[in-house]
Amino acid sequence: MFKWNEKSLQWMQQAASYSEYYQKIAQPIIDLLDQDSNICEIACGCGHLSMTLSSHVQHITAIDINPKVISFLKDELVSNNIRNIEPVVANWLPYTENKQFDVVLFSHFSALEEQLEKLMRVAKKYIIAIVPEKNNHTISPQLYTKKNLDYSRKEIMESAPDILKDLNIPFTQIFQANEFGQPLRDRRDAYEYIEHYYKISDPEDIEQFLNSKLQKLHCGYYLPKTKKTRTIIIDVQKASANVFYQ
């Protein structure tokens with residue numbers, strides 16, 4: 001589980017505001033929605049995807065187990081005058097017991113592999129999973145290897161399509177590569193960002209990386225990143241023949 005703190009919340013807000021990442025991720029999802037749609041976003045984090053979708057649906061339940069991100073989201077909803085998102089601090093499994101939503105949505109979360117049967121019962125129309133692709137990183141694999149870090153820690157869910165095919169569950173995939181870099185106040189801020197997200201503490205490694213990647217802005221710096229994702233869309237309405245309903 002990702003550990004949020006005041007600094008990481010600030011970085012996420014800055015990155016989301018600087019780029020159109022969430023708008024681009026949301027576009028193929030919007031095509032499946034209407035003004036009567038009732039959505040549940042699991043592990044919503046700061047809620048940027050829910051906020052992007054909010055004007056296209058009737059209601060969104062945004063769930064996260066971390067009270068810090070839900071508190072952040074509540075403040076953002078007030079600031080942006082968004083009234084159709086319900087932020088909830090909860091474990092999604094017990095919370096969704098005996099509940100159904102038109103769409104169940106999550107990103108960078110392992111529910112698709114681990115709780116597929118549960119998801120199929122909670123979602124009435126679609127299950128949408130946004131998962132990271134291979135090589136979806138800013139730091140090179142060499143730095144992970146050098147520091148004895150687990151380079152595979154970012155969940156990829158490579159087996160998800162095979163699981164769905166084996167169960168005869170209809171799905172489509174949308175591949176995207178969108179800019180989602182990080183604005184940074186100064187080089188100290190950049191150092192802290194690298195140390196926080198990648199757990200690399202050697203000053204020489206960080207300095208070498210920043211010298212090769214960091215871009216100077218009119219005010220501050222920018223660390224570019226192309227974030228590669230795959231959006232898996234499961235059409236629940238067409239899944240009556242799958243193993244869970246036999």
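Assorted remarks:
- Of all residues in the stretch 91-133, those that are among the small types (G, A, S) and on the phi > 0 side of the Ramachandran plot total 0.
- Once the stretch 204-243 is narrowed to residues that are closer than 30 Å to P161 by Cβ and aliphatic (A, V, I, L, M), the residue that is surrounded by the most Cβ atoms within 10 Å (Cβ to Cβ) is I234.
- The listed residues are P87, P94, and the only one of them that is surrounded by 13 or more Cβ atoms within 10 Å (Cβ to Cβ) and either of a type in the set (D, E, K, R) or modelled with pLDDT of 95 or more (or both) turns out to be P87.
- Selection status of S201, surrounded by fewer than 19 Cβ atoms within 10 Å (Cβ to Cβ), at pLDDT below 95 and of a type in the set (G, A, S): yes
- Selection status of D75, assigned to a loop (DSSP other than H, G, I, E, B), modelled with pLDDT of 95 or more and farther than 23 Å from E133 by Cα: no
- Residues of the stretch 108-124 satisfying the condition of being touching a Ser or Thr at 6+ places or on another chain (Cβ under 8 Å) and either under 20 Å from S55 (Cβ atoms) or at pLDDT 95 or above (or both): V122
- Count of the stretch 161-200 residues which are touching a helix residue (DSSP H, G or I) at 6+ places or on another chain (Cβ under 7 Å), among the hydrophobic types (A, V, I, L, M, F, W, C) and part of a strand (DSSP E or B): 3
- Enumeration of residues in the stretch 60-84 that are of a type in the set (A, V, I, L, M) and either surrounded by 14 or more Cβ atoms within 10 Å (Cβ to Cβ) or touching a residue at least 60 places away in the same chain (Cβ under 8 Å) (or both): I60, A62, I63, I65, V69, I70, L73, L77, I82
The values are calculated or read from the model by the stated rules, or taken from the named source; none is laboratory data. Values in this document were obtained by computation on a predicted structure and should not be read as measured data. Every residue, glycine as well, gets a Cβ built from its backbone with ideal geometry; the counts of neighbours run over all protein chains shown.
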